[in-house]
Amino acid sequence: QQASQKQVVGVAIPAATHSFTAGIVYWANQAKKDLEKANPGLQVIVKTAANASEQANQLQDLVTVNKINALVIFPFESAALTKPVAQVKSKGIYVTVVDRGLTDTSAQDAYVAGDNTAFGRIPAEYIAKALGGKGNIVALRGIPTTLDNERMEAFNAVLKKHPDLKLLDAKHANWNRDDAFKVTQDYLTRFKNIDAIWAADDDMAVGVLRAIEQAKRNDIKLVFGGAGAKGMVKTLMDGSNPLIQANVSYSPKFMYDAIKLTAEARLKGQKLPATTIIPSVLITKENAKQFYFPDSPF
Amino acid sequence: MSLAVEFREITKAFGPVQVLHGVSFELAPGRVVGLLGENGAGKSTLMKILAGYEQPSGGSLLVDGQPRRFASSREAQAQGIVLIHQEFNLAEDLTIAQNIFLGHEKKCGWRLDEAAMERETARVLAEVGLRASPGTRVRQLIVAEKQLVEIAKALARNARLLVMDEPTATLTPGETERLFALVARLKAGGTTIVYISHKLDEVERITDEVVVMRDGRFVARQPTAALTRHQMANLMVGRELSDLFPPRQPPLPDAPVLLRVRDLSVPGWAQGASFEVRAGEIFGFAGLVGAGRTELFEGLLGLRPCRAAGVEIAGHASLPKSPREAADQGLTYLSEDRKGKGLHVQLPLAENLTLMNLRAYGGRWLQPAAEQAALRQAVAAFGIRTGDLGCRASQLSGGNQQKLALAKVLQPQPRVVVLDEPTRGVDVGAKRDIYFLIQRLAAQGRAVVVISSELPELIGLCHRVAVMRAGRIAATLAQEQLNEEELIGHATGTR
Amino acid sequence: MPPEHAERAPAPAGRAPGTWWGRLHGAGPVIGLVLLCLAGTALNGDFATLDNALNVLTRTAFIGIIAVGMCFVIISGGIDLSVGSMAALIAGCMILVMNGAAQAIASPVAVVAVGMAVALALGAAFGLAHGLLITKGRIEPFIVTLGTLGIFRAYLTYFAGGGAITLDNALADLYSPVYYGSLLGVPIPVWIFALVALAGGFILNRTAYGRYVQAIGSNEQVARYAAVDVDRVKILTYMLLGLCVGIATLLYVPRLGSASPTTGLLWELEAIAAVIVGGTALKGGAGSITGTLVGAVLLSVISNILNLTSIISVYLNAAVQGFVIIVVAFLQRGRR
Amino acid sequence: MPPEHAERAPAPAGRAPGTWWGRLHGAGPVIGLVLLCLAGTALNGDFATLDNALNVLTRTAFIGIIAVGMCFVIISGGIDLSVGSMAALIAGCMILVMNGAAQAIASPVAVVAVGMAVALALGAAFGLAHGLLITKGRIEPFIVTLGTLGIFRAYLTYFAGGGAITLDNALADLYSPVYYGSLLGVPIPVWIFALVALAGGFILNRTAYGRYVQAIGSNEQVARYAAVDVDRVKILTYMLLGLCVGIATLLYVPRLGSASPTTGLLWELEAIAAVIVGGTALKGGAGSITGTLVGAVLLSVISNILNLTSIISVYLNAAVQGFVIIVVAFLQRGRR
Ligand SMILES: Nc1ncnc2c1ncn2[C@@H]1O[C@H](COP(=O)(O)OP(=O)(O)OP(=O)(O)O)[C@@H](O)[C@H]1O
Ligand SMILES: Nc1ncnc2c1ncn2[C@@H]1O[C@H](COP(=O)(O)OP(=O)(O)OP(=O)(O)O)[C@@H](O)[C@H]1O
Ligand SMILES: O[C@@H]1[C@@H](O)[C@H](O)OC[C@H]1O
Ligand SMILES: [Mg+2]
Ligand SMILES: [Mg+2]
């Protein structure tokens, strides 16, 4: 009867394809390590998927073969994973969804997420303030996704309030350093006067900075990345690049929290609050230290 | 500097199929030796062993008295042994010069010495009589020209022993004459020559002695002068051969015209060709290489851009847009280019045979059993020699591939059939079978067009012959006007 | 499945086909699959359960069905890089149409039927476009389908406004048995997969059209001279593949209920890999549906086993898959 | 560049080569490029500036250099799907080695030199592995490199712990002129690209090795009969490509000073597309370095123009690229 009490927590997350998801993988494994050490009756199985259908396959396998009792999932994609997660839940398995929400919330027991609206709003507000409500901005977007849309909408909503702030263009650079470098190069060719660049992810900010450096342009006063990658937070802490003045938090550490909360609650037979939002907050030189995790890949 | 070669008990098996059963004979240095044998007798295989392309399964090979075993053609060529293949071995994307020097490039330091190679190529091309620039891509050459390139390639190697495996199968009399002059020059220079051919008149003319093989065995070695053509043929097939050509039955006077062509032009190749072929008639096409006969018919089949004032095939009055349409109208065509256009060498025999007529092998679903039955029938009817009915076409000897290709185009029971070099590489016995077959096709009321570079074949077989020169039909000769002088005269424009 | 003539790939020089050696090599992928299953069972006892086997077969259905069509294209000497994007675009259009039709048509069953018809029609139409560009336009298949790979996905992204296109809940519930239901204990997708494979095998080996496909791949010129209507056969081949993509999409939509810019990403590589691992040569001319089937199953078994165990770093999953693919191909190398 | 024999495409049947028609078709990609540049200038005056031209050429360098190597592989009848992953892994290893060596070796110039040597050696070694598996192992190149595509990227991800591997700051500053520096006003990467292309053209058209590459792609059996050491030539071809990937990586690392699992994603498709758009047939036998060069530039010009304008929805960028690729290929269709 010991065996039936054993808790098996399945963790399904996207594969590490860029720094942010690498952070997710890192924190998931970190949680596995810490939790299994602290609770001998607990097993945590981490699965990474390269696309939505692979993740759906993994859910099946976790249920059929690994016989999990709880699932913590960072859905590869919201809509596509909704049905497969509902199937898992219908087998009596406790489901915690992280970050990319499902389209049907009845398919989950709990939801832990970052705040994508704030992720778009905060940089817009910061840029507006820094430029005194007047100036030219270009933006670099991520991979076309709902979450990218949410951020862009929040950003645009703020700009609406500042008629003198002009968004010259917003192109997709796919959360990728190389794409960001090229897109920025071409922005710089095209627009002779840019005051601020919003790169909606710190990976892209790396490419943006290099392109500016190469073009030796000094009209740009501000580059705002996002998500608080450790390299960028470090730059902020050290004040080593005048273009980098602030960031917005969106730490993959919420993966760790979600697994921990789920596992501990399940061991005690409790439930999680239906929704836990990990706020996205403004990071500046002053509070940067709090957001710096040198061991994480992100 | 001539090479003497001796085969001792050479055997060769491809998997379970034993092809050579202990062949022993000698090639005397400095002579021209004709190597004769039926299709599939093992001539090409033996010569490939000599030239390092195949390894013998047993026996030994002596070169100038020394036992040798060539692991590659390069080793054989180092000894001065060069083979001109029966099937072309040219890289189509490369130029003539690049093919001729492939694997033997001239260099200065790291760089290729293009100038020297082109010069040398121009020289050997002139020697074989091919008027093409060394920079021409092989893909653009016609079959006969490719054959000349093969010969030129061998010349560029400075052979001490040269094997020519059916070099004239695709050549017309002009090129053939030039080749003979070349053979004489080489012989005078001390080169040993092995000459494989099914054209016995040629063998009679240029060889000093003949070696005959049958079923993978050595049969006879005789001075050429001591044999008549008839005796050669009998030695090859191992029985008494009677008349080569069937008696001709003239088409009925009221026989309908099955193929009517008016003013067909294939730009760049043929202009204003008009002719008619009636049911029961065998209509020949003669001409020199490059006269445009092949291209004329490729145009008629929709394979080349062309225009015509009128075309009528078995009652359908329209110019086909593709071989498919032509076949639907009742016309099929046997290409002179067996490997490139005629057969799927990588596919099994049955699939080759039935490809043009799959409708006959099952309504909705194909019936492999019926296809196999058809193959067995064709093998018997056309005398195709093969160890294994399931083998691929590439495993047949050259002549047997030709028979398969012929069987294939006759599968759809065409009302009109165009045969371009139908006996290319076929042995005398089988040639005779094919002539009788053509005669039977005509007797059944079909219209048969035979394009051939072998004048005796046209003379012995056809009711009428059109002679093409430089893309135009220079003359159309009736049966009683057919003789070599007349044909050559019109073909070369001296008449 | 009828005995596959097409399987008789060129035997190694000097060896007659049909010897035990030839047969052994032909069995390369099967041996690979059996070994892999043994390994799976050793690593996790639950691997060898019926449930797991059905799971694996069910999820192989998408790629497997596409691979059947791809097998024809590759045998004919072509290639199609666009299938993943095509599936995504078809899924998107299908969902949009169904959501739209739900307003107009009362019967939800009819709505689903309309959606299915749209999927199949679109698949065939895209295939037709490929075929025409390749034959009449005389453009390399690689280029044509590389182009449409971008075009299809871009249009899906555009229709989806960068996000996802999602099927209405009511329809999704009605439609879901197509993926999740079973017949005689066997999931519907497995039935459909089996039917498509069987039909593919028959068409390839028992019809004139199938023979023409092989003949064209073996030597297009010869086929043309042999009165094969090369262009028509090629166009049909791409349409057949398009249809297969349409069928696969029919099964995909009820499973995940949505289409987004990442749907079907890299399916082309998986489908081509299934065909080639199954023993068909990329240069065309000969190949087999059975091999393709085994290839597709083999590829999903690899990732299934990786899911069932955690013996190696998650980062290295792709490496294991790579090694296994190479090893399986090595097992049947003589067939080239 | 030496005059390219390989470029003289088969003229349409019945027409002598070298007519204006043949020449026009051969110029397909060039015409495409010119038209595109005119369109670019019309859409945005800044397109035609020297700075923009140099930007485009500089960023083309990576893909362009890889495409030169790919051109050899494709002409020889092979393919390499792994180049993107290979570049990523080489970049990662190179950075790790340099960061490590920085502790041990005093001179930073020496450290960078060691890094460069490692990149080239790794490239050649990976190419050798491909060549051996393909020739001695007799496995289809598609399969071998599909396998290593996964393997290389998985190992990079593993070494990077999923994140990015970043070059130490001091080294990055020292190394960065290799990407950002100029000589006579022309950026270093453009010089290197030009040198590689020149060398490639010379090797392909002026050495026996280059001749053998073409012969093997045209007809492997014929090459074998001509006593060409086919295996050796093929292995060298893959090594050459590996070297090109190494060189491209040398230029890539100083640009961003890091390597991550997204580095080099889909470069294989871009490199192959550059070769094929440049007029080389996928089935091998003939092709040209000049064409490849033009193809590579053409592909980057398309995305450059899209970045310089906002006339169409951002979601449709990929569609425009797809259309342009197909149209350019159509312009030179007669060459097949
Ligand atoms: N690669 C092979 N595999 C199996 N059998 C082969 C192979 N090559 C040749 N053969 C067989 O060997 C026999 C001899 O063939 P070969 O080509 O030597 O004949 P040949 O005397 O040159 O005939 P032809 O006059 O028709 O050219 C034939 O029966 C042929 O089918
Ligand atoms: N552009 C051209 N215009 C006119 N004649 C050409 C042109 N190009 C080539 N030729 C000639 O046409 C010849 C082509 O020969 P073709 O294939 O038509 O001969 P054929 O009569 O079919 O040959 P065979 O008698 O061997 O069957 C070339 O050798 C050349 O002399
Ligand atoms: O991968 C994404 C990351 O890069 C972005 O910044 O935030 C959301 C993540 O899904
Ligand atoms: Mg022979
Ligand atoms: Mg001819």
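The values are calculated or read from the model by the stated rules, or taken from the named source; none is laboratory data. Computed from a predicted model, the values in this text were never measured in an experiment. A quick note on method: Cβ atoms are made from the backbone with ideal geometry, for glycine too, and the neighbour counts reach across all protein chains shown. Protein only, heavy atoms only, side chains kept; ligands, DNA and RNA dropped before computing areas. Shrake-Rupley method; radii C 1.70, N 1.55, O 1.52, S 1.80 Å.
Quick check on B:Gly272: is it in a loop (DSSP other than H, G, I, E, B) and not hydrophobic (A, V, I, L, M, F, W, C)? Show your work before the answer.
Numbers: in a loop (DSSP other than H, G, I, E, B): no; not hydrophobic (A, V, I, L, M, F, W, C): yes.
Judged against the criteria, B:Gly272 is not a match.
Mind listing just one residue for me: the one in the stretch B:108-140 that is under 22 Å from the mean Cα position of the chain (by Cα) and free of Cβ contacts under 8 Å to residues at least 40 places away in the same chain and, of those, farthest from ligand 4 (Cβ to nearest atom)?
B:Arg131
Quick one: how many residues across the stretch A:256-275 are among the polar types (S, T, N, Q) and open to solvent by 40 Å² or more (accessible area, probe 1.4 Å)?
Kept after step one, since they are among the polar types (S, T, N, Q), are these residues of the stretch A:256-275: A:262, A:270, A:275.
Retained after the next criterion (residues that are open to solvent by 40 Å² or more (accessible area, probe 1.4 Å)): A:270, A:275.
Qualifying residue count for the region: 2.
Of the residues that make up the stretch D:135-156, is at least one in contact (Cβ under 8 Å) with a residue 60 or more places away in the chain, more than 12 Å from every other protein chain (Cβ to nearest Cβ) and not in a loop (DSSP other than H, G, I, E, B)?
Looking through the stretch D:135-156, none of the residues is in contact (Cβ under 8 Å) with a residue 60 or more places away in the chain, more than 12 Å from every other protein chain (Cβ to nearest Cβ) and not in a loop (DSSP other than H, G, I, E, B).
Would you pick out the residues in the stretch B:62-77 that are within 18 Å of B:Leu20 (Cβ to Cβ) and within 29 Å of the chain's Cα centre (by Cα)?
B:Phe70, B:Ala76
Condition first: surrounded by fewer than 24 Cβ atoms within 10 Å (Cβ to Cβ) and within 17 Å of the chain's Cα centre (by Cα). Can you find one or more residues in the stretch D:125-134 that meet it?
Looking for residues that are surrounded by fewer than 24 Cβ atoms within 10 Å (Cβ to Cβ) and within 17 Å of the chain's Cα centre (by Cα), one finds none in the stretch D:125-134, hence no.
Which residue out of A:Ala258, A:Ala199, A:Ala211, A:Ala265 is within 16 Å of ligand 3 (Cβ to nearest atom) and either without any contact (Cβ under 8 Å) to a residue 40 or more places away in the chain or within 14 Å of another protein chain (Cβ to nearest Cβ) (or both)?
The conditions single out A:Ala199.
Which of the numbered conditions does D:Gly163 fail, given that it passes all the others? Conditions: (1) outside any loop (DSSP other than H, G, I, E, B); (2) within 14 Å of chain A (Cβ to nearest Cβ).
Among (1) outside any loop (DSSP other than H, G, I, E, B); (2) within 14 Å of chain A (Cβ to nearest Cβ), D:Gly163 violates only (1).
Identify, please: which residue in the stretch B:379-403 is surrounded by fewer than 24 Cβ atoms within 10 Å (Cβ to Cβ) and under 30 Å from B:Ala255 (Cα atoms) and is, among those, nearest to ligand 4 (Cβ to nearest atom)?
Result: B:Phe382.
Taking into account only those residues within the stretch B:180-209 that are without any contact (Cβ under 8 Å) to a residue 40 or more places away in the chain and open to solvent by 30 Å² or more (accessible area, probe 1.4 Å), which is nearest to ligand 1 (Cβ to nearest atom)?
First, the residues of the stretch B:180-209 that are without any contact (Cβ under 8 Å) to a residue 40 or more places away in the chain: B:180-181, B:184-186, B:188-189, B:202, B:204-205.
When the remaining residues are screened for being open to solvent by 30 Å² or more (accessible area, probe 1.4 Å), the result is B:181, B:184-186, B:188-189, B:204-205.
On the way: B:Ala181: 25, B:Ala184: 24, B:Arg185: 26, B:Leu186: 22, B:Ala188: 28, B:Gly189: 27, B:Glu204: 18, B:Arg205: 19 Å.
Among those that are without any contact (Cβ under 8 Å) to a residue 40 or more places away in the chain and open to solvent by 30 Å² or more (accessible area, probe 1.4 Å), it is B:Glu204.
When the stretch B:86-97 is examined, which residues are found to be open to solvent by 10 Å² or more (accessible area, probe 1.4 Å) and of a type outside the set (A, V, I, L, M, F, W, C)?
Scanning the stretch B:86-97 gives B:Gln86, B:Glu87, B:Asn89, B:Glu92, B:Asp93.
Looking for whichever is in contact with a helix residue (DSSP H, G or I) (Cβ under 8 Å, 6 or more places away or on another chain), over 27 Å from B:Met213 (Cα atoms) and assigned to a helix (DSSP H, G or I) here; the options are B:Leu477, B:Leu404, B:Leu458. Which one fits?
Result: B:Leu458 is the single residue among B:Leu477, B:Leu404, B:Leu458 that is in contact with a helix residue (DSSP H, G or I) (Cβ under 8 Å, 6 or more places away or on another chain), over 27 Å from B:Met213 (Cα atoms) and assigned to a helix (DSSP H, G or I).
Taking B:Gly15 as meeting all but one of (1) modelled with pLDDT of 90 or more; (2) over 13 Å from B:Leu162 (Cα atoms); (3) more than 16 Å from ligand 4 (Cβ to nearest atom), write down the number of the exception.
With (1) modelled with pLDDT of 90 or more; (2) over 13 Å from B:Leu162 (Cα atoms); (3) more than 16 Å from ligand 4 (Cβ to nearest atom) applied to B:Gly15, the lone miss is (1).
Could you list, in sequence order, the residues of the stretch C:189-228 that are assigned to a loop (DSSP other than H, G, I, E, B) and either under 24 Å from C:Ser82 (Cα atoms) or in contact with a Pro (Cβ under 9 Å, 6 or more places away or on another chain) (or both)? Reasoning before the result, please.
Within the stretch C:189-228, the first condition is being assigned to a loop (DSSP other than H, G, I, E, B), and the residues that meet it are C:207, C:219, C:226-228.
Within the stretch C:189-228, C:Ala226, C:Ala227, C:Val228 meet the criteria.
Looking at the structure I just gave you, is B:Ile384 away from chain C (no Cβ under 12 Å), within 16 Å of ligand 1 (Cβ to nearest atom) and at pLDDT 90 or above?
It is true that B:Ile384 is away from chain C (no Cβ under 12 Å), within 16 Å of ligand 1 (Cβ to nearest atom) and at pLDDT 90 or above.
Every residue in the stretch B:129-141 that is under 15 Å from B:Leu94 (Cα atoms) and assigned to a loop (DSSP other than H, G, I, E, B), please.
Kept after step one, since they are under 15 Å from B:Leu94 (Cα atoms), are these residues of the stretch B:129-141: B:132-141.
Those that are under 15 Å from B:Leu94 (Cα atoms) and assigned to a loop (DSSP other than H, G, I, E, B): B:Ala132, B:Ser133, B:Pro134, B:Gly135, B:Thr136, B:Leu141.
This table checks each residue for (1) surrounded by fewer than 24 Cβ atoms within 10 Å (Cβ to Cβ); (2) more than 14 Å from chain D (Cβ to nearest Cβ).
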| site | (1), (2) |
| --- | --- |
| A:Val9 | no, yes |
| A:Val25 | no, no |
| A:Ile45 | yes, yes |
| A:Gln60 | yes, yes |
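Only strands (runs of 3 or more DSSP E) wholly contained in the stretch B:1-79 count here; list those with 1 or more residues that are over 22 Å from B:Pro223 (Cα atoms) and either within 16 Å of ligand 3 (Cβ to nearest atom) or open to solvent by less than 60 Å² (accessible area, probe 1.4 Å) (or both).
B:5-14, B:17-27, B:58-63
Please state which one of B:Gly268, B:Gly302 is away from ligand 3 (no atom under 16 Å from the Cβ) and open to solvent by less than 40 Å² (accessible area, probe 1.4 Å).
Just a single option satisfies the conditions, and that option is B:Gly302.
Kindly state which helices (runs of 4 or more DSSP H) lie completely within the stretch A:1-66 and contain at least 3 residues that are in contact (Cβ under 8 Å) with a residue 40 or more places away in the chain.
Numbers: elements: A:2-5, A:19-38, A:52-64.
The qualifying helices (runs of 4 or more DSSP H) are A:19-38, A:52-64.
Here are C:Leu195, C:Leu236, C:Leu243, C:Leu183: which of them is modelled with pLDDT under 95 and open to solvent by 20 Å² or more (accessible area, probe 1.4 Å)?
Details: C:Leu195 fails: modelled with pLDDT under 95; C:Leu236 fails: modelled with pLDDT under 95; C:Leu243 fails: modelled with pLDDT under 95.
Checking each option against the conditions leaves just C:Leu183.
Give the number of residues within the stretch A:64-83 that are within 23 Å of C:Asn44 (Cβ to Cβ) and either modelled with pLDDT of 90 or more or touching a Phe, Trp or Tyr at 6+ places or on another chain (Cβ under 9 Å) (or both).
Going through the stretch A:64-83, the residues within 23 Å of C:Asn44 (Cβ to Cβ) turn out to be A:64-73.
Filter once more, so that each one left must be either modelled with pLDDT of 90 or more or touching a Phe, Trp or Tyr at 6+ places or on another chain (Cβ under 9 Å) (or both): A:65, A:68-73.
Selection size over the stretch A:64-83: 7.
Filter the stretch B:435-462 for residues that are open to solvent by 10 Å² or more (accessible area, probe 1.4 Å) and away from ligand 5 (no atom under 16 Å from the Cβ) and give the result.
B:Phe436, B:Leu437, B:Gln439, B:Arg440, B:Leu441, B:Ala443, B:Gln444, B:Gly445, B:Arg446, B:Pro456, B:Ile459, B:Gly460
From the set of residues in the stretch A:77-123 that are open to solvent by less than 20 Å² (accessible area, probe 1.4 Å) and among the aromatic types (Phe, Trp, Tyr), which is nearest to A:Val223 (Cα to Cα)?
A:Phe119
Filter the stretch B:239-252 down to the residues that are modelled with pLDDT of 85 or more and open to solvent by 80 Å² or more (accessible area, probe 1.4 Å), then identify the one that is farthest from B:Leu437 (Cα to Cα). Give the derivation first.
As a first pass, look at the stretch B:239-252 and keep what is modelled with pLDDT of 85 or more: B:245-252.
Next, only the ones that are open to solvent by 80 Å² or more (accessible area, probe 1.4 Å) stay: B:247, B:249-250, B:252.
On the way: B:Pro247: 12, B:Gln249: 13, B:Pro250: 16, B:Leu252: 19 Å.
Among those residues, the one meeting the criterion is B:Leu252.
Got a sec? Which of B:Leu458, B:Leu419 is within 16 Å of ligand 2 (Cβ to nearest atom), within 14 Å of chain C (Cβ to nearest Cβ) and at pLDDT 90 or above?
B:Leu419
With respect to the numbered conditions (1) out of contact with any strand residue (DSSP E or B) (no Cβ under 8 Å at 6 or more places or on another chain); (2) open to solvent by 30 Å² or more (accessible area, probe 1.4 Å); (3) within 30 Å of B:Arg214 (Cα to Cα), which one is the sole condition not fulfilled by B:Ala233?
Among (1) out of contact with any strand residue (DSSP E or B) (no Cβ under 8 Å at 6 or more places or on another chain); (2) open to solvent by 30 Å² or more (accessible area, probe 1.4 Å); (3) within 30 Å of B:Arg214 (Cα to Cα), B:Ala233 violates only (2).
Looking only at the stretch B:350-378, which residues are open to solvent by 70 Å² or more (accessible area, probe 1.4 Å) and either within 10 Å of chain C (Cβ to nearest Cβ) or outside any helix (DSSP H, G or I) (or both)?
B:Arg359, B:Gly363, B:Arg364, B:Trp365, B:Gln367
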